[in-house]
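So the structure is just underneath, and the comments pick up after that.
The values are calculated or read from the model by the stated rules, or taken from the named source; none is laboratory data. Since the model is a prediction, treat every value here as computed from it, not as a measurement. Every residue, glycine as well, gets a Cβ built from its backbone with ideal geometry; the counts of neighbours run over all protein chains shown. Protein only, heavy atoms only, side chains kept; ligands, DNA and RNA dropped before computing areas. Shrake-Rupley method; radii C 1.70, N 1.55, O 1.52, S 1.80 Å.
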Amino acid sequence: MGAPAVADRLELARGLLRRMEDRSAAVRPAPESDGRVLPVAEPLARLLPGGGLRRGSTVALPPASAATSLLFALLAEASAGGAWAAVVGRPGLGLVAAAEAGVRLERLALVPEPGPDLMAVTVALLDGMDVVAVAGAERAGVRAAERQRLAARARQRGAVLVALGAWPGADLELSCADVGWRGLGAGAGRLAARQVRVRVHGRGLAPGGRSAGLLLPAPGGAVAAAPDAEVVVPHIEKVAG
């Protein structure tokens, strides 16, 4: 693919940034008073070190049946509080589901098909967005050195880089397991909510991480704690020397 195509994709990313800036007459407000942590919904805040998404960090969401809902849950409170977000490499992203989950679509930029220019597009977006979610890094041939470059860019710009897929070296990894739907009984009924166990591992947490049962999505589309669910913080046994 030649230089014109690369230039077109970069111009798309920069055009998204300009349109986002034009939509706000004032300076972008900091979602938190100190600006260092972007807020998330309370059930997720209990799992994350610092109670939210730390600016400058990289968060990985491995593939799972509830990964997209988890992404929306991470973006909802931040966008409602004034943060700007972008999603790169997800052409089938459901905007209706995103809106139902609480994501402010007027603060969401999409680059569905970055092609081989994923790196350049993501770097451009990290310069102006608070949260940039990236899918397809493996397909685009992003190497370890390039992952480190993106993580460094996020740190420099105070953005949060969310990797949709495997991302060795991420500060945090959020994964979904034990997925099951509520609302069906004896083969009949309506799907009302999906219950999952969200596990978090990474910096700022004990080696065993944390986990909790969540409704993702809960009735209405947002995230909620599963009934009777408790955050599990593994106990660390002291080994006698």
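Solvent-accessible surface (1.4 Å probe) assigned to Val131 amounts to roughly 0 Å². Spin-label pair Ala45-Arg203: with each label point 7 Å from Cα along the Cα-Cβ axis, the two points sit 2.3 nm from one another.
Accessible surface of region 125-176, 1.4 Å probe: 41 percent of it comes from carbon and sulfur atoms.
When you filter the trypsin sites (Lys or Arg not before Pro) in region 141-183 for DSSP loop state and at most 13 other Cβ atoms inside 10 Å of their Cβ, you are left with Arg143. A Förster radius of 25 Å, combined with the Cβ-Cβ distance separating Arg36 from Gln148, puts the computed FRET efficiency at roughly 0.70. For the residues Asp127, Asp171, a 1.4 Å probe over the protein chains yields an accessible-area ranking, largest first, of Asp127, Asp171.
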